[in-house]
Amino acid sequence: MKKVVLAGAAVATLLAALFAPEDEGSIVGPATATTRQVERVPAPLPLAVAAPPAPPSALAIHPRRALDDEEAATLFAKQSWQPETPKKIMLDQQAAKAALPAAAVDANAPPPLPFQFLGRFVDEGKAAYFLQAGERNVVARPGDMLEERYRFDGVVQGALQFTYLPLNQKQTLAVGDLN
């Protein structure tokens, strides 16, 4: 094995000398000394004593920290690109109802609408509106009777209009933009 390595080294030296560029009579001058800063590296410690290299700060393992209540509540919060206009309007209506004093309620006034707006569907140019009444879901089209006391009249200025039949009074349910 050593003979093969030595022979390979001899062949490589001969080839390097054969293909080396020729100097045109110039004499190579003596080498000049240059000074460089040489960093002194401490001798490596034995493997049993060597400490593991410190990981970069971006890859460091940090201890687990507890989430506060606000972070925990928003961890799996619903994310949506849809505007919250109908929800905001319904909350404003509920706040307005709660702000009314009990004495201000008229005895001849219809009860508050039991419906909440869920959505709208248009099929062949005819719109159907999805409502929730208590625990039930209702599909309403203009002219439909709902809960035996309400008639759905249609959409007026971005609000659903109902007629409370026992008192024959109109009521509206604001739902925001219906586009």
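The values are calculated or read from the model by the stated rules, or taken from the named source; none is laboratory data. Keep in mind it's a predicted model, so treat the numbers as computed, not measured. Don't worry about glycine lacking a Cβ; one is built from the backbone with ideal geometry, like all the others, and counts go over all protein chains shown. SASA here: full protein model, heavy atoms, side chains in, ligands and nucleic acids out. Shrake-Rupley method; radii C 1.70, N 1.55, O 1.52, S 1.80 Å.
Applied to segment 150-155, the Karplus parametrisation 6.51 cos²θ - 1.76 cosθ + 1.60 on θ = phi - 60° returns per-residue 3J(HN,Hα) values of 10, 10, 8, 8, x, 9 Hz, with x for Gly and Pro.
Amide H contacts of D144: F152, each under 5 Å away and 5 or more positions distant or on a separate chain (H built 1.01 Å from N in the peptide plane; Pro and chain starts excluded). Amide H contacts under 5 Å for L113: none, restricted to partners 5 or more places along the chain or on a different chain, H placed in the peptide plane at 1.01 Å from N.
Charged side chains reduced to their Cβ positions (Lys and Arg at +1, Asp and Glu at -1) give segment 105-179 a dipole of some 60 debye around its Cα centre.
Whole-Hz Karplus values for segment 134-141 come out as x, 9, 9, 9, 10, 9, 10, 10 Hz, taken residue by residue from phi with 6.51 cos²θ - 1.76 cosθ + 1.60 and θ = phi - 60°; glycine and proline positions read x. Under 5 Å from the amide H of R120 lie the amide H atoms of F130, each residue being 5 or more positions distant or on a separate chain, with H modelled from the backbone and absent for Pro and chain starts. Placing a pseudo-label 7 Å from each Cα along the Cα-to-Cβ vector at A17 and E148 gives an inter-label distance of 11.8 nm.
Label separation (Q116 vs V41): 7.0 nm, computed from points 7 Å beyond Cα along the C-beta direction.
For M145, the solvent-accessible surface with a 1.4 Å probe is about 110 Å², rounded to the nearest 10. Rounded to whole numbers, the Karplus 3J(HN,Hα) couplings from phi for segment 64-79 are 5, 10, 7, 7, 7, 4, 5, 5, 5, 5, 8, 4, 10, 5, 5, 10 Hz, using 6.51 cos²θ - 1.76 cosθ + 1.60 with θ = phi - 60°, and x at Gly and Pro.
With the whole protein complex present, F121 retains an accessible surface near 110 Å², based on a 1.4 Å probe.
Could you sort the peptides 5-15, 152-162 by per-residue average Cβ neighbour count (10 Å cutoff), highest mean leading? Present the calculation step by step, with values, prior to reporting the outcome.
Values: 5-15: 9.9, 152-162: 16.1.
Listed from highest to lowest mean packing, they are 152-162, 5-15.
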